[in-house]
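Below is one structure, written out as structure tokens, with a few remarks after it.
FYI, it's all coordinate maths here, none of it is from the lab. Predicted model only: the values in this text are computed from it and were never measured. Glycine also receives a Cβ, built like all others from the backbone with ideal geometry; neighbour counts cover every protein chain displayed.
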Amino acid sequence: MKMDYLLVLILAVCLSGAIGLSRQLGQHRTDIADAHAQEQLYLNGRSARRMTLAFNGLAADWYWMRSLQYVGRKIVKYEDDHSGQFGLVDFSSLDLQMLAPLLDVTTTLDPQFIAAYEYGAVILPEVNPEQAISLLEKGIAANPNSWRLHQHLGYIYWQRHDYARASAVYEAGAKLPGVPPWMAAMAARMKAEGGSRTAAREMYEHLRESSGDPSVQQMVEHQLARLDALDELDALRQILESFKQRNRRCVTSWREVNGEVRRFKLDDTGAPVDASDAPYRLINDGCDVDFDPKSKVSR
């Protein structure tokens, strides 16, 4: 009988906490894209954890869904305002001030929520690199054997051109159980040629192989397309320079080097195009080449 009363008491306390959290959250179901001052009314992680008691996992899922909805609304608003499609590359244009707090609450409620850390690792560097680093360091502390979090943290340091720290993070991750051999190789690559395009391509390819997150996959595809376009620009510049050396003038149109650009994908006018099918445009009176302003390839 005493055990029954104890169970009833525990359930009552848990239900009370859940109702309290529901009321707190219900007060803030306004569009998260409202003014920053309004967004600051969200509970912090410690408060939410105290209120949810045995329902931490459920509350973490709720905050996780709010994080996804928050970014989704921002993307929809951006597309409506700009009459176009958002490329999922430059997240800095979305004003995602509340994403870090939302992910912080999610991972405080459930410290083993790896997907939340990875999501932040992809988006937050464009918004606030320090918040991205803080979130991943929190994730590594709570999940010390997750080499993927080391990979993401090393990627952020690489993005910031801090190749020494990137190398150190990869080296630490390479010592974890079950880690793929390329983690140690990336530590060495960061020291030797962290700023090279080859290192960048290897970085993105490993990210693609090791993550099943659709956001990561899409970001990687965009970045690999950018690297391919940069390689194509270099090759096209060589073609233009060779023409100039032979003819002592620059080209007036792509048709003058038609035989040499046939190995590229061409549009109906004979101009080589990038991954978004935008033609590369001749600049400086035909002496150089650049992206078309309408290109969707990330610069």
Where a ≥ b ≥ c are root eigenvalues of the Cα gyration tensor, a/c under 1.5 meaning rounded, otherwise prolate if a/b exceeds b/c and oblate otherwise, the range 83-190 counts as oblate
So what's the projected area for the range 240-299, the Cα convex hull averaged over all directions, in nm²? 4.2
Give the residues of the range 215-231 whose amide nitrogen is closer than 14 Å to a point set 7 Å from the Cα of Gln159 in the direction of its Cβ. 215-224
Could you give the length gained on full extension between Asp231 and His82, defined as 0.36 nm per residue of separation minus the Cα-Cα distance, in nm? 50.7 nm
Out of Val261, Asn247, Ser295, whose Cα points farthest toward the positive end of the dipole of the range 240-299 (charges: +1 Lys, Arg; -1 Asp, Glu; placed on Cβ)? Asn247
